[in-house]
Each structure stands twice: as C-alpha cells, then as structure tokens.
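A quick write-up on the structure given underneath.
We did not get these values from a lab; they are worked out from the coordinates using the rules stated. The model shown is predicted, which means the values in this text are computed figures rather than measured ones. All Cβ positions, even for glycine, are placed from backbone atoms using ideal geometry, and neighbour counts span all protein chains on display.
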Amino acid sequence: MVTTVRCLVWRHRLPDHLFRKLTKFSCLSQILTRTLQFSGWTVFLKGQWDRATFVTNYLPLALFPLLYIISRIVYRVQPVKPLDMDFVTNIDEIEAETYVGHLLDSFHP
C-alpha cells in the first residue's frame with residue numbers, strides 16, 4: 001500500500017513571496033520604461049536632434065507624475081478603491097442619455 005504525504009507550504013513563508021507581490025508592478029514599470037526609452041530615441045542620434053520630438057516624447061514622463069502629485073495635494077482627494085466604486089446607481093439615466101438605438105433604427109427601411 002502506497003501512502004502519499006501532502007506537504008503544506010504557506011506561500012508567505014516562501015523566499016520569493018515579496019517578489020511575487022511586486023511582479024505586477026515590475027512588469028508594468030518595465031513596459032512603461034521600455035516604451036518611453038524607445039519612443040523617441042532617434043533624437044539622441046548625431047544630427048537627428050529635433051526639439052519638438054523630444055518635448056512631445058519626454059515631457060509627459062516628468063509632467064504626468066508632477067501633475068498627479070500636485071492634484072492630490074491641492075484637492076486632498078484619496079483614490080477610490082475598486083471595491084468601493086459604484087457602477088449601479090443612476091445607471092438607467094446614464095443609459096438613457098447615451099442610447100443611440102434611435103439613430104440605428106433610422107437606417108432600417
């Protein structure tokens with residue numbers, strides 16, 4: 001008779017627990033970094049400098065976090081957790097305002 005032994009390993013005791021928690025963040029940050037790094041890299045080649053391309057590609061890199069932090073300080077509003085978001089209240093009014101079915105009905109003979 002063969003008996004099987006079940007090993008019970010708690011995930012928080014594994015050495016890579018912190019790494020697994022940060023995986024989403026690290027993946028998103030790498031995608032953002034690589035996109036920003038290669039989006040306007042041609043302006044750094046010799047003789048290819050273009051001020052407009054540099055500004056439009058790299059200004060948002062500094063401007064977005066700055067504006068986000070300033071807005072958090074000025075408006076003093078905490079971000080809403082996804083579980084606290086309400087997608088049900090007043091949905092009938094929203095659907096009535098955005099209903100485009102009457103436009104589609106006019107195309108039928």
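Values of log10 I(q)/I(0) for region 14-81 across q = 0.21, 0.24 Å⁻¹ run -0.96, -1.03, by the Debye formula with one identical scatterer at each alpha carbon and no solvent. Using the Cβ-Cβ distance between Gln30 and Phe87 with R0 set to 25 Å, the FRET efficiency from 1/(1 + (r/R0)^6) comes to roughly 0.20. 3J(HN,Hα) couplings calculated from phi for region 66-75 with the Karplus curve 6.51 cos²θ - 1.76 cosθ + 1.60 (θ = phi - 60°) are, in sequence order, 5, 5, 5, 5, 4, 5, 5, 6, 5, 8 Hz; Gly and Pro show x.
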